[in-house]
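To keep things clear, I will list the structure first and then write my remarks on it.
The values are calculated or read from the model by the stated rules, or taken from the named source; none is laboratory data. All values derive from a computational prediction rather than experimental measurement. Positions of Cβ are generated from backbone atoms using ideal geometry, with glycine treated the same way; all protein chains shown enter the neighbour counts.
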Amino acid sequence: MIKTIIKTVFYLCMLSASILQAQTEQNFTVFIDPGHGGKDPGNMHNGYVEKKITLAIALKLGKLLAKEEGITVHYSRKDDRSVNLYARGPMANRVGADVFVSIHCDAHTSSAYGAGTFVLGLHRADKNLAVAQRENAAMYQEDNYQSNYQGLTNVIGLSAIQEENLDQSIKLAAYVQQEMVATAKRRDRLVKQAGFVVLYETIMPSILVETGFLSNANEGEFLNSDKGQESIAKAMANAILKYRDEFAMNSLMIGPAPGKEVFSVQLFATDKTHSSTASVFKGLKPVWYEEKDGLKRYFYGEATSQASANDLKIRAVQKGFKDAFVVKKMR
Ligand SMILES: [Zn+2]
């Protein structure tokens, strides 16, 4: 139901768009959430302060991503300030983020070390619950936390939207873990599920990365160093780009809203599934598809007139889709 409403609002926005907007290339938007900040320092061990390290990694990650064509970066904070946990997800929703990445550092009484990535879910293991409780603890310091977190303080279930996004969240988390091992040379603490308040309000694939343990003297030193932060940021950037290129599906792929007539440009037909950001589309956005008898027909753009659609077709041909043609769609 919620998804339907969101889609409907989305389509209304799309349909009111002029041809100029239809030609605007759509970005892949990354929302970066440096954990803690301001009056909430996060965990502190060996003289290392979580909120400072998460911010440093976040800014380095954002810088790497912003260099890439077609990527927009937003942050929950870019300096040392307090941002309520419940406000962070809605900030990402408002900017239409494609992914939400929350950055943290872990701590433990043992000499544990390594990086792990969490997606929202039930606490399957007590260990995961402990991490979630530690990261959720910040909400108790916030004003009005009782009304803001009604029902969230115990077990956190999945919203319908998060349920839909779970596969993609897990895929993104898996890429992050691969990169944490390959690029940042961290011990693999795997992809896990737990009830993180900060992930609860988001409507896009979302992960929380525990980049390492400040309580481990060696890892703390690594995370606190410029070089260490650089390599963690590089690992996360690689994972996000891989996700965008290979997996990201966005709602534009669904096509025009029912009952509306639009003109669009058919690019090609195939039995293969491509993400809307796949290189096969040569940067054309928005793209979408229709499936019939196992064959997917991929389209580019939506226009309200034949003339406007012809402009789109010219652009598609220039990009190398020599056989592209205009179609009138009514659904
Ligand atoms: Zn944290």
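General remarks:
Okay, residues lined up against (1) free of Cβ contacts under 8 Å to residues at least 60 places away in the same chain; (2) part of a loop (DSSP other than H, G, I, E, B); (3) within 15 Å of the ligand (Cβ to nearest atom):
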residue: Leu64; (1), (2), (3): no, no, no
residue: Lys78; (1), (2), (3): yes, yes, no
residue: Cys105; (1), (2), (3): no, no, yes
residue: Val131; (1), (2), (3): no, no, yes
residue: Arg134; (1), (2), (3): no, no, yes
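- Of all residues in the range 276-294, those that are free of Cβ contacts under 8 Å to residues at least 12 places away in the same chain and farther than 15 Å from Gly320 by Cβ have Cβ atoms under 8 Å from Cβ atoms of residues that are part of a strand (DSSP E or B) and not acidic (Asp, Glu), 6 or more apart or on another chain, in Glu291/Arg297.
- Listed by position, the helices (runs of 4 or more DSSP H) inside the range 217-331 whose residues that are modelled with pLDDT under 95 and in contact with a Leu (Cβ under 9 Å, 6 or more places away or on another chain) number at least 2 are 226-246, 306-318.
- Filter pass, Ile207 being more than 19 Å from Tyr113 (Cβ to Cβ), within 13 Å of the chain's Cα centre (by Cα), among the hydrophobic types (A, V, I, L, M, F, W, C) and within 15 Å of the ligand (Cβ to nearest atom): yes
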